[in-house]
Amino acid sequence: MGRVALFTIAVALSGCAGPLAQGEAEFKNGRYPEAKQTFASLETEEVHWDNATRAEYALYRGLTLGALGDVAQASVWLHKAKTIEDAHPGSLTPDGSRRMKVAIEANEAP
């Protein structure tokens, strides 16, 4: 396979990294409405990602929605991240897995 073809494949596979990283940065900087919009804009692309990227996306989308007070939708996305992590252990980083567990427990608390 030629170098151009390998480069094209690498660019295609990393296509989600920019917007996903942007959404995570917005979340980490407390810009939750912007993060929500960024993550929502990526929803149709999610099906093309590997398990680790899909789990990370679902986690941060759930965390963002939770930070905005939308507990019901946060729960949907956090459980999606959990489903992926349960089916494919190691999809989330250890830190991501801990954040997911804490967020799910917090959402389920009375």
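For the reader, a short list of remarks on this structure follows.
- Filtered residues of segment 1-51 (kept if open to solvent by 80 Å² or more (accessible area, probe 1.4 Å), modelled with pLDDT of 50 or more and of a type in the set (A, V, I, L, M)): VAL47
- Cβ pairs under 6 Å, 6+ apart, first in segment 83-94 and more than 9 Å from ALA52 (Cβ to Cβ), second not in a loop (DSSP other than H, G, I, E, B): GLU85/ALA55
- Applying the criterion of being aliphatic (A, V, I, L, M), open to solvent by 30 Å² or more (accessible area, probe 1.4 Å) and assigned to a helix (DSSP H, G or I) to the residues of segment 60-103, the residue that is farthest from GLY30 (Cα to Cα) is ALA87.
- For VAL71, the conditions (1) at pLDDT 95 or above; (2) touching a helix residue (DSSP H, G or I) at 6+ places or on another chain (Cβ under 9 Å) are fulfilled apart from (1).
- Tabulated pairs, segment 21-40, first touching a residue at least 40 places away in the same chain (Cβ under 8 Å), second surrounded by 13 or more Cβ atoms within 10 Å (Cβ to Cβ) and not in a helix (DSSP H, G or I), C-beta under 9 angstrom, 6+ apart or interchain: GLY23/LEU42
The values are calculated or read from the model by the stated rules, or taken from the named source; none is laboratory data. Source: prediction; values computed, not measured. Here the Cβ is made from the backbone with ideal geometry for all residues, glycine too, and neighbour counts use every protein chain on show. Surface areas here come from the heavy atoms of the whole protein model, side chains and all, with no ligands, DNA or RNA. Shrake-Rupley method; radii C 1.70, N 1.55, O 1.52, S 1.80 Å.
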